Each structure stands twice: as C-alpha cells, then as structure tokens.
1. Here are some conditions: (1) under 13 Å from the mean Cα position of the chain (by Cα); (2) under 30 Å from residue 136 (Cα atoms); (3) surrounded by fewer than 20 Cβ atoms within 10 Å (Cβ to Cβ). Residue 86 meets all but one. Which one does it not meet?
2. Can you say whether residue 64 is surrounded by fewer than 21 Cβ atoms within 10 Å (Cβ to Cβ), in a loop (DSSP other than H, G, I, E, B) and more than 12 Å from the chain's Cα centre (by Cα), as far as the supplied structure shows?
3. Let me confirm something: among 38, 103, 114, 98, which residue is under 28 Å from residue 134 (Cβ atoms), assigned to a helix (DSSP H, G or I) and either touching a helix residue (DSSP H, G or I) at 6+ places or on another chain (Cβ under 7 Å) or free of Cβ contacts under 8 Å to residues at least 24 places away in the same chain (or both)?
4. Would it be correct to say that residue 44 is under 30 Å from residue 135 (Cβ atoms), under 21 Å from the mean Cα position of the chain (by Cα), in a helix (DSSP H, G or I) and in contact (Cβ under 8 Å) with a residue 24 or more places away in the chain?
5. Out of curiosity, is residue 108 touching a helix residue (DSSP H, G or I) at 6+ places or on another chain (Cβ under 7 Å), surrounded by 11 or more Cβ atoms within 10 Å (Cβ to Cβ) and outside any helix (DSSP H, G or I)?
C-alpha cells in the first residue's frame, strides 16, 4: 500500500484509491494501518514533487529550462497568494502534482509543506476508508 501510494503521488500516472478500497474491503480489521501507510506514502510522493520543484530551479539559467522567468514568477506569486493551505488540495488528480511542484518552485518550507500535504491526502484516504468500512459493515 505504501509503495503504490507513493508512486501514485509522484508525476507517474497511477491511482492508489482502488487498491485501498479493495484492501479495506477484504481486511477491514487493518483499515487504520492501511490508511496510515497510504497517507504516509502519498505524502512522501507529494514531497518528491516538492523536491523536484526545488531541484528544478538549479537549471533556471540554462537554455533548456522549460519555464520562462515570467511563468516562474506567476507560479511563485500564485503560491504566495494562496499560501500553504492550498497544499490541502494536493490530493486532486493532475492538479495536486502541480501544486506540490509549485510549492517547491516557490521554495516553501519543507516541514510545513509536508504537514499541509499530509492533511489533504490523509483526509481523502480517511473518507475512502470510512466509506468502504461503512459498506462492508452493512
């Protein structure tokens, strides 16, 4: 569950929700543990995107750098305008990866970034686990 959730949160395509729902449906006694590993794995995947955003800036002066100074400035302004709580939306498909990447580009604090990403991703998984558990119990 951890590895699948981690990979699903990186820029690689994939979804961990189906696996989580299936595992909770088959082993409801492990729901809390599954939620924990999915949340931690997905958060670390989001932090990988944050790190890529930070690392990406090292190549800013090079000709092959794909983001113009104006685009980079817009990303930093956007993240600064909405602040860290926007990272709660990091669970959203496609957009969530971009939000985490933008947080790195905007040089947001790593610990605070991890906190907000964890809040969003763990809440999403909590809803999935709760919904699946409710169906299994019925």
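Each reported figure results from applying straightforward, stated rules to the coordinates on display, with no laboratory input. This is a predicted model, so every value here is computed, not measured. In this analysis, Cβ positions are derived from the backbone assuming ideal geometry, glycine residues included, and neighbour counts consider all displayed protein chains.
1. (2)
2. Numbers: surrounded by fewer than 21 Cβ atoms within 10 Å (Cβ to Cβ): yes; in a loop (DSSP other than H, G, I, E, B): yes; more than 12 Å from the chain's Cα centre (by Cα): yes.
Yes; evaluated as a whole, the condition is true for this residue.
3. Details: 103 fails: under 28 Å from residue 134 (Cβ atoms); 114 fails: under 28 Å from residue 134 (Cβ atoms); 98 fails: under 28 Å from residue 134 (Cβ atoms).
After applying the criteria, what remains is 38.
4. yes
5. On the way: touching a helix residue (DSSP H, G or I) at 6+ places or on another chain (Cβ under 7 Å): yes; surrounded by 11 or more Cβ atoms within 10 Å (Cβ to Cβ): yes; outside any helix (DSSP H, G or I): yes.
In short, yes.
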